[in-house]
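*Asks:* First, the structure itself, so that you have it in front of you.
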Amino acid sequence: MLDTTRSNLKAKAHSYEYDAHAAEAQSDLKALVRDAQSMLSAATGLTGEKAEELRSRGMELLDRALGKANRYQDQAMERGRELAHDADVYVRDNPYRTLAIAAGIGIALGVLLSRGKQQ
């Protein structure tokens with residue numbers, strides 16, 4: 001029981017930490033893409049060496065944004081695997097409780113769906 005409580009607290013702490021990182025990552029990616037878009041837009045009206053420099057910097061920013069997006073995707077996949085493992089461990093440790101919860105949800109959905117059809 002104590003181990004389950006500790007696991008739940010640990011999972012919640014990781015979840016809050018992950019949410020903060022996800023929001024920060026999303027903000028960083030949006031800023032990088034905006035900067036790249038503005039550089040590429042500015043470069044469309046220019047010609048010559050200056051235009052090429054702006055296009056090059058814009059492409060670098062987009063490449064960086066894609067690299068960050070890939071890293072964040074990898075982190076999200078790893079977090080998903082951790083959550084799936086935690087769920088698996090919980091189900092194995094508490095099979096009857098899990099079965100009761102699933103049955104309760106099934107009954108509640110059945111009641112809600114049958115009410116929807118009657119109206």
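The values are calculated or read from the model by the stated rules, or taken from the named source; none is laboratory data. It should be emphasised that the depicted structure is a prediction, and the values quoted were computed from it without experimental measurement. Methodologically, a virtual Cβ is constructed for each residue, glycine included, from the backbone with ideal geometry; neighbour enumeration extends over all protein chains shown.
*Asks:* Counting just the residues of segment 42-101 that are surrounded by fewer than 13 Cβ atoms within 10 Å (Cβ to Cβ) and among the basic types (Lys, Arg), which one comes out farthest from the chain's Cα centre (by Cα)?
*Replies:* Selected residue: 50.
*Asks:* Based on this model, can you work out whether residue 78 counts as modelled with pLDDT of 70 or more and not small (Gly, Ala, Ser)?
*Replies:* yes
*Asks:* A follow-up question, please. Of 92, 79, which residue is of a type in the set (D, E, K, R) and either without any contact (Cβ under 8 Å) to a residue 60 or more places away in the chain or more than 30 Å from residue 30 (Cα to Cα) (or both)?
*Replies:* The match here is 92.
*Asks:* Which residues, taken from segment 64-89, are over 30 Å from residue 34 (Cα atoms) and touching a helix residue (DSSP H, G or I) at 6+ places or on another chain (Cβ under 7 Å)?
*Replies:* The one that is over 30 Å from residue 34 (Cα atoms) and touching a helix residue (DSSP H, G or I) at 6+ places or on another chain (Cβ under 7 Å): 86.
*Asks:* Identify, by number, the condition in (1) out of contact with any Asp or Glu (no Cβ under 9 Å at 6 or more places or on another chain); (2) surrounded by 10 or more Cβ atoms within 10 Å (Cβ to Cβ); (3) at pLDDT 75 or above that residue 19 doesn't meet.
*Replies:* Result: residue 19 passes all but (3).
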